[in-house]
Amino acid sequence: MAQRFGNVKIYFPNIVFKIIPDARLSKYQAAFRVPLNINKLDIKDYLTHIYSVTVTDVRTVVFPGKLALNRFTGRKERSSRTKKAIVTMKEEFRYPAAPNVDADFGGLEMKYERMRMANKLKGWT
């Protein structure tokens with residue numbers, strides 16, 4: 001049974017955790033790109049309630065934005081900051097399988113639609 005940490009029930013979370021594959025981590029760890037306004041307790045609470053995993057440790061780091069030259073103004077601008085969380089779990093972490101684009105997201109339909117549009121335009125000169 002999952003541990004309960006907060007009083008707030010989360011049904012449809014409005015935050016996005018992006019899994020970052022990292023070969024340097026152990027099999028009990030996973031790295032995520034998380035929003036800047038999320039703290040360690042929120043990360044632990046989110047993963048425990050949504051995915052029913054037992055989180056033992058959370059470490060976060062905020063990376064500064066990178067400097068780049070704006071080609072229109074010629075000024076140096078900094079991109080937005082990002083936050084990375086490394087989560088240690090009690091169970092072994094397995095990355096989810098890659099989605100099948102053709103079956104899950106209509107890849108074949110898009111391919112045939114592109115072919116149909118290309119054939120449609122062949123007669124135009």
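The values are calculated or read from the model by the stated rules, or taken from the named source; none is laboratory data. On a predicted model such as this, the values are computed, not experimentally measured, just so you know. Positions of Cβ are generated from backbone atoms using ideal geometry, with glycine treated the same way; all protein chains shown enter the neighbour counts. Keep in mind that these areas ignore ligands, DNA and RNA; they rest on the heavy atoms of the full protein, side chains included. Shrake-Rupley method; radii C 1.70, N 1.55, O 1.52, S 1.80 Å.
TYR51 to LYS18: extension gain in nm, 0.36 nm per residue of separation minus the Cα-Cα distance?
Numbers: separation 33, 0.36 × 33 = 11.88 nm, distance 1.39 nm.
Value of the extension gain: 10.5 nm.
For the chain, take the longest principal axis of its alpha carbons; what is the angle in degrees between that and the long axis of helix 40-51, to the nearest 10 within 0 to 90?
70
Can you give the helix-only mean residue ellipticity at 222 nm for the chain, where every DSSP H stretch with n ≥ 4 adds -39500 (n - 2.57) and the sum goes over all residues, rounded to the nearest 500 deg cm²/dmol?
On the way: 3 runs with 31 residues, N = 125.
Taking each H run of at least 4 residues, the total per residue is -7500 deg cm²/dmol.
Would you please give the FRET efficiency between LEU69 and TYR112, computed as 1/(1 + (r/R0)^6) with r the Cβ-Cβ distance and R0 = 35 Å, to the nearest 0.05?
FRET efficiency, LEU69 to TYR112: 0.25.
About the Cα centre of the chain, how large is the charge dipole given +1 on each Lys and Arg Cβ and -1 on each Asp and Glu Cβ? Please answer in debye to the nearest 20.
So the magnitude is around 680 debye.
Could you pull the Rg and Dmax for the chain, using just the Cα atoms, both in Å?
Taking only Cα atoms of the chain, I get Rg and Dmax of 21.3, 67 Å.
Note down the accessible area of MET89, probe 1.4 Å, to the nearest 10 Å².
Surface open to solvent at MET89 totals about 10 Å².
Could you tell me how many degrees, from 0 to 90 and to the nearest 10, lie between the Cα long axis of helix 107-121 and the main elongation axis, the longest principal axis, of the Cα atoms of the chain?
Result, in degrees: 20.
Assuming 0.36 nm per residue, please report the length gained on full extension of the stretch LYS84 to ASN37 beyond their Cα-Cα distance.
Here the answer is 15.7 nm.
Give me the base-10 log of I(q)/I(0) for the stretch 27-100 at each q in 0.17, 0.18, 0.19, 0.28 Å⁻¹, Debye formula, one uniform scatterer per Cα, rounded to two decimals.
-0.72, -0.76, -0.81, -1.26
Given springs between every Cα pair under 10 Å in a Gaussian network model of the chain, which of SER52, SER80, SER26 has the largest fluctuation?
SER80
Any idea of the accessible area per residue across the stretch 55-125, 1.4 Å probe, to the nearest Å²?
I get 89 Å² per residue for this part.
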